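The values are calculated or read from the model by the stated rules, or taken from the named source; none is laboratory data. Since the model is a prediction, treat every value here as computed from it, not as a measurement. Every residue, glycine among them, receives a Cβ derived from its backbone with ideal geometry; neighbour counts consider all protein chains shown.
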Amino acid sequence: MIDNNAPTPILYGPQPLHVDLKFISSSELAVRVENPLVLWERDNSLHSIITETSPSYPTPTPQWMEDRFWVWVHYGAMKLGRGELFEFIDLLSYIRSAVLGSLILMDIRHLPSGVRRLEQYAAHEIEELKETLPLHDASSSYHALKFSIKIYRRLRQDTEGLIRRKTAEQAAIAYLDSVYDSVRK
């Protein structure tokens with residue numbers, strides 16, 4: 001899907017420099033994740049909005065993740081059963097970004113920005129996260145999801161107040177295992 005509101009990437013050179021230009025209305029500036037660098041403004045209205053409002057990074061909660069994680073495991077099992085390995089691999093990338101990377105970053109008091117800069121901030125987690133990278137193969141994909149589940153369980157274990165979806169967890173894992181058993185026969 002194409003996001004027509006996404007920044008327009010531009011390269012400047014002779015040594016390429018990537019610059020994202022984002023054109024927004026002044027009302028859109030009030031809700032933002034960071035303070036922009038305003039290169040030019042006709043009056044002082046943008047400066048006023050920036051000074052009167054604050055950026056806020058959208059932070060997923062561990063409960064939001066728990067409420068969805070087991071549905072995603074079930075969805076992955078369906079993709080595995082259908083042999084849709086590229087879809088399955090995409091799902092694992094999403095889980096790594098939306099859940100695993102974000103939980104790791106939150107645990108070390110960084111913004112939960114998916115897998116961005118994980119190598120820099122969480123080098124101690126990298127070897128384990130590599131196990132969530134599958135080959136285009138049913139067995140490798142299954143094991144990568146099982147390892148993702150293992151990491152997720154470890155990361156969520158000390159989350160205070162988390163309502164665990166135990167029934168969904170058991171059902172999703174049982175379904176994943178049964179699908180894999182049928183695929184490898």
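Kindly provide the set of residues from region 42-90 that are among the basic types (Lys, Arg) and exposed (fewer than 15 other Cβ atoms within 10 Å of the Cβ), ordered by number. Break it down into steps so the answer makes sense when it comes.
Just the residues of region 42-90 that are among the basic types (Lys, Arg), to begin with: 42, 68, 79, 82.
Within region 42-90, ARG42, ARG82 qualify.
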Would you confirm whether any residue within region 86-108 is over 28 Å from ALA171 (Cβ atoms), out of contact with any Pro (no Cβ under 7 Å at 6 or more places or on another chain) and of a type in the set (S, T, N, Q)? no
Mind checking whether some residue in region 167-185 is in a loop (DSSP other than H, G, I, E, B), buried (at least 16 other Cβ atoms within 10 Å of the Cβ) and not hydroxyl-bearing (Ser, Thr, Tyr)? no
Any chance region 130-137 includes a residue that's among the basic types (Lys, Arg) and touching a Ser or Thr at 6+ places or on another chain (Cβ under 9 Å)? no
With the checklist (1) under 26 Å from THR167 (Cβ atoms); (2) touching a Phe, Trp or Tyr at 6+ places or on another chain (Cβ under 6 Å); (3) touching a residue at least 40 places away in the same chain (Cβ under 8 Å) in hand, flag the one item LEU111 doesn't pass. (1)
Which ones in region 83-133 are aromatic (Phe, Trp, Tyr) and touching a helix residue (DSSP H, G or I) at 6+ places or on another chain (Cβ under 8 Å)? PHE88, TYR94, TYR121
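Give the residue, chosen from ARG109, ARG154, that is outside the structural domain of GLU34 (by TED's automatic domain parsing), loosely packed, with under 13 Cβ neighbours inside 10 Å, outside any helix (DSSP H, G or I) and charged (D, E, K, R).
Going through ARG109, ARG154 in turn, the sole match is ARG109.
Just to be sure before I move on: is GLY101 part of a helix (DSSP H, G or I) and either in the same structural domain as ARG153 (by TED's automatic domain parsing) or in contact with a Gly (Cβ under 7 Å, 6 or more places away or on another chain) (or both) in the structure I sent? Step through it out loud before you land on a result.
Working: part of a helix (DSSP H, G or I): yes; either in the same structural domain as ARG153 (by TED's automatic domain parsing) or in contact with a Gly (Cβ under 7 Å, 6 or more places away or on another chain) (or both): yes.
In short, yes.
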Only one of (1) assigned to a loop (DSSP other than H, G, I, E, B); (2) within 17 Å of the chain's Cα centre (by Cα) fails for SER56. Which number is that? (2)
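A quick yes/no check of all residues on (1) at pLDDT 95 or above; (2) in a loop (DSSP other than H, G, I, E, B); (3) within 30 Å of SER139 (Cβ to Cβ); (4) small (Gly, Ala, Ser):
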residue	(1), (2), (3), (4)
VAL31	no, yes, no, no
GLU34	no, yes, no, no
TRP40	no, yes, no, no
SER48	no, no, no, yes
MET65	yes, no, yes, no
ARG68	yes, no, yes, no
GLU87	yes, no, yes, no
